[in-house]
Amino acid sequence: MLKNISLIHCADLHFDAPFKSMGSKTCDRRNDIKKTFERIITLLLEKDVDYLLVSGDLYEHDYAGRTVIQWINEQFTRLRDKTVILIPGNHDPYTSNSWYRNYPWSPNVHILSSKTPDYRDEFCYFYGIGFDTYRQEMVSIAKQPEILTEYFNICLYHGTVDMPFAQQAYNPVDSNELLKMGFDYYALGHFHKSSDALAEKGILNPGSPEPLGFDEQGEHGVYFVSLSKDSEKVHREYEFIPLQQRKYCEIEFDVGEITDNTQLKRGLLKAIENKASKADILKVILTGRLTSSICIDLKEMEQSLMAEYYFAVVKDNTKPAYNLEELAVEKNITGVFVTMMHEKMKKAPDGDEKQMLEKALYLGIEALLTGNVEYSGDVSGYSRM
C-alpha cells in the first residue's frame, strides 16, 4: 500500500458565470476564472500532486457552451496520467443534458454521480455525493460506500453542512453523519468562503478559487492536502494556497468631517489605498452626514475610480447635515422642536439619557424636513450648537 498521497482540493469554479453586474467587464471576469484554473493546473504539476478533486459547480449549466467545456478538458489533459475526480453540484447537476454525460472527457477524468458514485484505483477509494437536479432537499445515496482499510478513503460532497436545513436545503447534512461514514478525508464544496473549522476531523471546504461577488471578500484559492497512513490512523496536513486574480473589496467612507469635494476625493482615495490593489473590484459606500457644500455625482465618482482601479461602484448612503443654530431661529414647528429638544438636552445628565435625546432630535428634524426617517443608530456628523 502507498503510505502517502497528495491532492489539490478545489470547488465552485462556476465557469461561464454571467457576472451580470460587471457590465463591459463580464468577459474579463470569465477569463479571470480561466486564469485561476490554469494556476491550479500549474500548481498541481509543479508540486507533482497525485490527484485533483473538484467538489461540484465546475461550470454554470445554463451558460456554459461546448467551447468552455472543451477548454476545461484541455486543462485536464495537461495533467496526463494524474487523476481528476469530479462531482456535479447544484449549478452543474447530472441531468440528462449535462456535459458530464454528453462530452468525451479525458481518460484521466472520473465523474462520480448517482449512476456511478465511486471510483477506485490502486491507492484510493473515492465516493461522491453530488446533485442530479438543481435542488435536492435530502441527500440521496443510491449505493452505500465501501470503506477499505488498506486504501485512502475520500468522500467528495457538495451541499450544506451543519446549517439550518429548512433554509439551506441543498443536500443538507450534519457533519457527524458524514463522519459516521468513516472516510479519511471529506472534500466539501458549495459555500464560496474557505473553511477549516472541521479540519481536525478531516473535513475541509476550499471555497471558490475566484470570488464571484461582494459577499465573497478575502482570500480565495485551493487546499493542498497530504495524507499519510500507518497501522493506527490517518495523518493529515493541509495548506490553503491563494490563487485568485482579483479581490472584491467593500469600503465604507464616512463623509462627516469632509468640507469640500477635493477633500472628499483625496480622503476616499487614501481609504481605498489602504485596503485594495489596482486590480481589485470595489464597492464604496458613502456614509455619515453630508454638508451642503458637497455635491456627490455618483457616475462621475465611479468613472474616476475606474480610471484608477479595475472596477468600482459607489453607493450613497449619506444624509444631510443640519445646522442647529439656523434651524432653532426659524419661525416654524421645526424651530420650536429644535429649541425644545436643545433645552431638554442641556438639563439632562451626561450619559444614556442625553444620547437618547440627541438621537430623538435628529430623527425628528429628518421627519419634519423630509417627511420620512430611517434610523441607523448613528447621529454622528451633524453640525452641533
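Before moving on, here are some points about what is shown:
- Within region 241-252, the set of residues being part of a strand (DSSP E or B) and surrounded by 19 or more Cβ atoms within 10 Å (Cβ to Cβ) comprises Y248, C249.
- Selection of region 129-158 for residues being touching a Gly at 6+ places or on another chain (Cβ under 9 Å) and touching a residue at least 40 places away in the same chain (Cβ under 8 Å) yields I129, G130, F131, Q136, L156, Y157, H158.
- Taking the criterion of being exposed (fewer than 13 other Cβ atoms within 10 Å of the Cβ), over 19 Å from K82 (Cβ atoms) and of a type outside the set (K, R), the only residue of region 117-136 that qualifies is T133.
- The conditions of being under 19 Å from Q245 (Cα atoms), out of contact with any Phe, Trp or Tyr (no Cβ under 8 Å at 6 or more places or on another chain) and not assigned by TED's automatic domain parsing to the domain that holds K359 are not met by N261.
- H158 being touching a Phe, Trp or Tyr at 6+ places or on another chain (Cβ under 7 Å) and under 18 Å from H91 (Cα atoms): yes
Residues are listed down the side, and each one gets a yes or a no for (1) touching a Pro at 6+ places or on another chain (Cβ under 6 Å); (2) hydrophobic (A, V, I, L, M, F, W, C); (3) crowded, with 16+ Cβ neighbours inside 10 Å; (4) not assigned by TED's automatic domain parsing to the domain that holds L52:
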site: C155; (1), (2), (3), (4): no, yes, yes, no
site: E177; (1), (2), (3), (4): no, no, no, no
site: K180; (1), (2), (3), (4): no, no, no, no
site: A187; (1), (2), (3), (4): no, yes, yes, no
site: L198; (1), (2), (3), (4): no, yes, yes, no
site: P206; (1), (2), (3), (4): no, no, yes, no
site: L212; (1), (2), (3), (4): no, yes, yes, no
site: K233; (1), (2), (3), (4): no, no, no, no
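- Residue in region 229-251 that is charged (D, E, K, R) and free of Cβ contacts under 8 Å to residues at least 12 places away in the same chain present: yes
The values are calculated or read from the model by the stated rules, or taken from the named source; none is laboratory data. Just so you know, these numbers come straight off a predicted model, no measurement behind them. Please note: Cβ atoms are built from the backbone with ideal geometry, for glycine as well, and neighbour counts cover all protein chains shown.
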